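Q: What follows is a structure written as structure tokens; I'll ask about it next.
Read-outs throughout are calculated quantities, based only on the coordinates presented, and are distinct from any laboratory measurement. If you're wondering where the values come from, they're calculated on a predicted model, not measured in any experiment. As a convention, Cβ positions derive from the backbone with ideal geometry for all residues, glycine included, and neighbour counts pool all protein chains shown.
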Ligand code: SF4
Ligand code: SF4
């Protein structure tokens, strides 16, 4: 018997009390000094010394903290990854890019220097809808979830309304359901458009605010350099007060914690904080370094300390944390959508990708909406760089990290985007927090 390689130990969460956490099972157990020493002994080939130890070992085997050997871990991680490939069960998850055009010129965005104006044509729009519904039928999926992305999708409100209406009616006719989410800069967002979209199906908006006014206005600007904070903040408040589902996201540099705290203060002072569906801040990714793609939400460089501080602040203020892709993805712990079999991104030319970060880049597509050619293996997955990750305990949730972001920065498909440091700190923080909240009494017992 040995400790599974996907188990990490957090020692002395209280004096003499230790926690084993299985990343693979998302499960924890409290153990005492004697058990911690016994686990080391068993992992080195020793047998339980007493009946009590044998019983403890049995419990740890049953809960899969202990395994027979590498083979058992290999089989379990392989089954886990197969299951993770299902993504959101029963759901076709598609990111649609009606245009690459954007009405802003944010300082960290590739579009600042290389504005793009490509829009999806009417024939490509028709072919996209046909392709989508064909996939839903062939795969027998009851839910279609569309993520409107860009460019800026609200510069194509016509497209969003038309496709939402068609897809909503088509899914209803099949006895299924349609849901949507929109990532928008919020500049042109108005209640009338939001409510019209909601009349077709329930949906949500994710709007970016990169800190409070001063910080945000240095980054997110119109082409003439004017800041956008006031317009966006007012639209967030108006939509939230109108009952629309609004998530707020933001990207920070490590020294900007105070500005993001000020933004949280502002949400509380205007009374809108409890009306927001969720809020999530991430480290900044500067896509100007090398790319002509866009990314919905990945970061290779983690500014862990600021991230942990802001997450704690959101929790302390009792504001809802959220996955930025909306309610459907909340709570999913595991590999990103690049690995999901029913996930695609379609660019304005009708090229189909597995990762939104590389959408628009020729050669990285897996299919085309107007072509009958079979889908090919995603170039980002082809070289399986995560196989170099050895015994990393975080493999089940990471699988090499954001391979799309890595490719944009380095042009390489054979390297992982490792965030082990961030995983170590954030898992430690959140697991110990969960454990101590569940077992506040020092008279703890083994439990999961
Ligand atoms: S590789 Fe990165 S950008 Fe692509 S889907 Fe995964 S997290 Fe998102
Ligand atoms: S990329 Fe890093 S954190 Fe992710 S599985 Fe590989 S070694 Fe672990």
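Q: Quick one: 18, 251, 433, 147, fewest Cβ neighbours within 10 Å first, how do they rank?
A: Lowest count first: 433, 18, 251, 147.
Q: Relative contact order (percent) for segment 379-421, with alpha-carbon contacts under 8 angstrom and 6 or more residues of separation?
A: Dividing the mean separation by the residue count of segment 379-421 yields 44 percent.
Q: Please rank 406, 425, fewest neighbouring Cβ atoms within 10 Å first, as an exposure proxy.
A: The most exposed by this proxy come first: 425, 406.
Q: Suppose each label sits 7 Å from its Cα in the direction of the beta carbon; what would the residue 14-residue 79 distance come out to in nanometres?
A: 3.4
Q: So what is the 222 nm mean residue ellipticity for the chain from helices alone, if each DSSP H run of at least 4 adds -39500 (n - 2.57) and you divide by all residues, rounding to the nearest 500 deg cm²/dmol?
A: -11500 deg cm²/dmol
Q: Could you check the simple spin-label distance between residue 172 and residue 414, using points 7 Å along Cα→Cβ, in nm with one decimal?
A: For residue 172 paired with residue 414, the spin-label model returns 5.3 nm.
Q: Given contacts defined as C-alpha pairs under 8 Å and at least six residues apart, what's the relative contact order of segment 87-183, whole-number percent?
A: 38
Q: If one takes the longest principal axis of the Cα atoms in the chain, at what angle in degrees, from 0 to 90 and to the nearest 10, does the Cα axis of helix 191-200 lie?
A: It works out to around 70 degrees.
Q: In which sequence would 128, 35, 118 go, from the one with the fewest C-beta neighbours within 10 Å to the one with the most?
A: 118, 35, 128
Q: PRE reach from residue 27 (point 7 Å along Cα→Cβ): which of segment 53-75 fall under 12 Å by backbone N?
A: Output list for this probe position: 59-67.
Q: At q = 0.09, 0.13 Å⁻¹, what is the base-10 log of I(q)/I(0) for the chain according to the Debye formula with one equal point scatterer per Cα and no solvent? Please give it to two decimals.
A: Relative scattering, expressed as log10 I(q)/I(0), comes to -0.64, -1.22.
Q: Looking at the chain, what % of its DSSP beta bridges pair antiparallel, to the nearest 5?
A: Given both bridge residues lie in the chain, the antiparallel proportion sits at roughly 35 percent.
Q: Given the Cα-Cα distance of residue 261 and residue 43 and 0.36 nm per residue of separation, how much length would full extension add, in nm?
A: Additional length available on full extension: 73.9 nm.
Q: Okay, moving on. Between 432, 146, 23, where does the largest GNM mean-square fluctuation fall for the chain, given springs only between Cα atoms within less than 10 Å?
A: In the Gaussian network model the winner is 432.
Q: Grab the beta carbon distance between residue 86 and residue 426, set R0 = 35 Å, and tell me the FRET efficiency rounded to 0.05.
A: With R0 = 35 Å, the Cβ-Cβ based efficiency is 0.90.
Q: Tell me the angle of helix 157-173 to the major Cα principal axis of the chain, expressed in degrees between 0 and 90 and rounded to the nearest ten.
A: Helix 157-173 sits at roughly 60 degrees to that axis.
Q: Using Cα springs under 10 Å in a Gaussian network model of the chain, which residue among 195, 269, 280 shows the largest mean-square fluctuation?
A: Result: 269 has the largest fluctuation of those listed.
Q: Specify the angular offset, from 0 to 90 degrees and rounded to the nearest 10, of the alpha carbon long axis of helix 122-139 from the longest principal axis of the alpha carbons in the chain.
A: Roughly 30 degrees between the two axes.
Q: If I take every Cα pair under 8 Å that is 6 or more residues apart in the chain, average their sequence separation and divide by the length, what percent do I get for the relative contact order?
A: Dividing the mean separation by the residue count of the chain yields 17 percent.
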